[in-house]
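In what follows, a structure is listed as structure tokens, so that the remarks can point back to it.
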Amino acid sequence: MMTLIWIAGTLLALGVVVRLAFAREIRACFERDPAARGLVEVLLTYSGLHAVIGHRIAHVLDRLRIPVLPRLFMTIVRWATGIEIHPSAAIGRGLFIDHGTGVVIGETSVLGDDVTLFQGVTLGGTGKERGKRHPTIGHRVVIGAGAKVLGNITIGDDSMIGANAVVVRDVPPHSTVVGVPGRITRTKDRHFPGINLDHTHLPDPLVERLETLQHEIDALERHLKERRKSQPETHH
């Protein structure tokens, strides 16, 4: 009986510590996921939150230059969550990883506050160079499912990366990126209140221009057909 009481007390104390230490990350789960129904459910079942908690512990061990243990710890976290985060990655507060399976965050990645990552996102390096070789992600950036952000590039604050986009160049703040390779639609000097999580219905300027061009071609063809019909036939 005493053992059960001790276990229950330990779990309760652990829950309180997690609730206080990760209040911003827990709040992000409720703000950005309509499926979040209660605190206990979030603490027990949200793999993205588990990965962030695990990384915070491993990052401290890594900063203390403890060998092997940080990587081993995050390997266990990866087995448990399907999310791979290098212990050396610098992650701000309020990170929300939705579902999370297949998310990879490389060694020299830097993430600002209130970033949102959907499943299958890769923040990866290119080549075998050492030093800073992974992306720097600004504050309040949303990266859609399956998107790849590669190399030592910077994604500006309040930007959105569309689902399955491949980004290999810097992105200015308040921008939308779609396509392969990523193409930028910039909304300059405009701040969007809150965090827009719609990472699939995004404007594509190239497609819009092609559609406009097609409409113009169709209009010209109709005009030519009408001209031909209006001209009297010439008999030789």
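The values are calculated or read from the model by the stated rules, or taken from the named source; none is laboratory data. Predicted model only: the values in this text are computed from it and were never measured. Neighbour counts run over all protein chains shown; Cβ positions are idealised from the backbone, glycine included.
Can you tell me how many residues in region 54-91 are part of a loop (DSSP other than H, G, I, E, B), among the β-branched types (Val, Ile, Thr) and crowded, with 20+ Cβ neighbours inside 10 Å?
Number satisfying all stated conditions: 1.
Conditions: (1) buried (at least 18 other Cβ atoms within 10 Å of the Cβ); (2) under 17 Å from residue 171 (Cβ atoms). Residue 124 meets all but one. Number of the miss?
(1)
State yes or no: is residue 146 touching a residue at least 60 places away in the same chain (Cβ under 8 Å), closer than 22 Å to residue 35 by Cβ and out of contact with any strand residue (DSSP E or B) (no Cβ under 8 Å at 6 or more places or on another chain)?
So residue 146 does not fit the description; no.
More than 27 Å from the chain's Cα centre (by Cα) and modelled with pLDDT under 75: which single residue out of 220, 206, 210, 224 fits that description?
210
Within region 129-143, take every residue that is touching a residue at least 12 places away in the same chain (Cβ under 8 Å) and basic (Lys, Arg) and give me the one that is nearest to residue 175 (Cα to Cα).
140
Residue check: is residue 28 in a helix (DSSP H, G or I), at pLDDT below 95 and touching a Ser or Thr at 6+ places or on another chain (Cβ under 9 Å)?
yes
Just one of 158, 98 is buried (at least 19 other Cβ atoms within 10 Å of the Cβ), at pLDDT below 95, at positive phi and not hydroxyl-bearing (Ser, Thr, Tyr); which is it?
158
Could you list, in sequence order, the residues of region 127-137 that are modelled with pLDDT of 95 or more and surrounded by fewer than 21 Cβ atoms within 10 Å (Cβ to Cβ)?
136, the sole residue that qualifies.
Would you point out the residue of region 1-25, among those that are modelled with pLDDT of 70 or more and assigned to a helix (DSSP H, G or I), that is farthest from residue 139 (Cα to Cα)?
3
Just the residues that are in a loop (DSSP other than H, G, I, E, B), under 18 Å from residue 110 (Cβ atoms) and free of Cβ contacts under 8 Å to residues at least 40 places away in the same chain, please, taken from region 156-174.
Answer for region 156-174, where residues must be in a loop (DSSP other than H, G, I, E, B), under 18 Å from residue 110 (Cβ atoms) and free of Cβ contacts under 8 Å to residues at least 40 places away in the same chain: 156, 158, 159, 169, 170, 172, 173.
Quick one: what pairs do we get from region 17-34, first residue on the phi < 0 side of the Ramachandran plot and among the aliphatic types (A, V, I, L, M), second at pLDDT below 85 and surrounded by fewer than 15 Cβ atoms within 10 Å (Cβ to Cβ), C-beta under 9 Å, 6+ apart or different chains?
As it stands, the answer is 26/19, since those pairs meet every condition given.
For every residue, the table says whether it meets (1) within 22 Å of residue 21 (Cα to Cα); (2) in a loop (DSSP other than H, G, I, E, B); (3) in contact with a Leu (Cβ under 7 Å, 6 or more places away or on another chain); (4) not polar (S, T, N, Q).
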residue	(1), (2), (3), (4)
93	yes, yes, no, yes
101	no, yes, no, no
114	yes, yes, no, yes
119	no, yes, no, no
123	no, no, no, yes
176	no, no, yes, no
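Report every pair of residues separated by at least 6 positions or lying on different chains whose Cβ atoms are under 7 Å apart, first residue within region 62-82 and under 20 Å from residue 48 (Cα atoms), second in a loop (DSSP other than H, G, I, E, B) and among the hydrophobic types (A, V, I, L, M, F, W, C).
none
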